[in-house]
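Read the structure below first, then the notes.
The values are calculated or read from the model by the stated rules, or taken from the named source; none is laboratory data. All of these numbers come straight from a predicted model, not from anything done at the bench. All Cβ positions, even for glycine, are placed from backbone atoms using ideal geometry, and neighbour counts span all protein chains on display. The protein model used for the area step is the full one, side chains on, heavy atoms only, and it has no ligands, DNA or RNA in it. Shrake-Rupley method; radii C 1.70, N 1.55, O 1.52, S 1.80 Å.
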Amino acid sequence: FPVTIIQDVEWAIGRTGTVNPTGIIDPVVIDDATISRVTLHNIGIIEEFKLGLGDKIEIERAGGVIPKFIKIVEHAVHGIKITAQHAEKAVGTKVLREGPRLVVANKEDVNTTKALEHFVKTMEIKGLGPANIQKMNLESPLDIYKTKDWSILGAVGDKISDEVEKSKNKPYETVLAALGIPGVGKSVAKLIVQKISKFEQLRDIQYVEIKGIGPATVESIINWLEDNEYWVEKLPVKLEQNLTVDDILQTKKKVCITGKMDMTREQLAEILEKQGFVVSGTVTKDC
């Protein structure tokens, strides 16, 4: 792996209030691309490795797309350690530790309204417009699913409560499009779930070729996950797609046929085998 030196760290406030570090490094060439910035992940990783300015580090360009820190090669003798205090100074506001991440202490420093409105609109939670979002003091999609006294909104409250419950069963591709990942709308979300059917595996997009999704979108997704993955996994919605036969045909994998269906196993096996699949009637570690 290429070796370089950390010269500085830039801190940026994400859409949900997380404070994210990017390392400024001595330029190195990886796969014919000159790399001068790498993700340092979060304050937890920085503290674990005792990262400091001047440190010699090993980096990689994950999946040929995302430059990131891997490990320390050598600490600088008189290096300045990277701390939460440096993050506060950089963003100009107080920060707090939340798990392995830093977040701004004052949520007023972050405008999450547009992201929340996008989530509500895409999930088709009818009745929950900007005015009602404000009345209910909702700041993130997680807030929607917490126990709420929707009757505060009057007659429309019961309807919104029902819509919130219905949204828990919306397909994963709809949820993925609703999360507000830059570059991931409904059409892109549909392409993704045909190849990567679980949110917990979304980082694999660095290594999976998906026609119609380029390096810029992949980088956008990975960067967004650094900021948002932890809260998405807490949402009580579908974070996994139930694959159809058409989806399976596009994955080009070994398949196992079990259970009841609208056609005989022999008929389905014949369809799959014509597509080049190896079909089994027994569940094994390979299917």
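Data for the structure
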| read-out | value |
| --- | --- |
| Rg and Dmax [Cα atoms of the chain; Å; Rg one decimal, Dmax integer] | 22.8, 71 |
| Surface/4 of the Cα convex hull for segment 45-86, nm² | 3.3 |
| Size-normalised alpha-carbon gyration radius of segment 39-146, reference 2.2 N^0.38 Å | 1.47 |
| Exposure of Lys234 as accessible area (Å², to 10), given a probe of 1.4 Å and all protein chains | 140 |
| Kirkwood hydrodynamic radius over Cα pairs of segment 142-192, then Stokes diffusion coefficient at 37 °C and 0.692 mPa s, in µm²/s | 263 |
| Loop chymotrypsin sites (Phe, Trp or Tyr not before Pro), segment 159-223, which have at most 12 other Cβ atoms in a 10 Å radius of their Cβ (DSSP) | Tyr207 |
| 20 Å Cα-Cα threshold exceeded, pairs from Lys71/Lys94; Lys121/Lys159; Lys198/Lys254 | Lys71/Lys94 |
| Sequence-distant aspartates and glutamates (8 or more away, or on other chains) whose Cα lies within less than 13 Å of Lys195 | Glu173, Asp204, Glu209, Glu240, Asp246, Asp247 |
| Stokes-Einstein D for segment 76-230, Kirkwood Rh over Cα pairs, 10 °C, 1.306 mPa s (µm²/s) | 88 |
| Fluctuation leader among Ala84, Ala105, Ala155 - the chain, Gaussian network, Cα springs under 10 angstrom | Ala155 |
| Value at 222 nm in deg cm²/dmol, rounded to 500, when DSSP H runs of n ≥ 4 in the chain each add -39,500 (n - 2.57) | -9500 deg cm²/dmol |
| Probe 1.4 Å - accessible area at Asp149, Å² to nearest ten | 90 |
| Scattering curve values for segment 75-132, log₁₀ I(q)/I(0), Debye with Cα scatterers, q = 0.12, 0.13, 0.23 Å⁻¹ | -0.51, -0.56, -0.92 |
| Lys56 accessible area, 1.4 Å probe, all protein chains in place, Å² to nearest 10 | 70 |
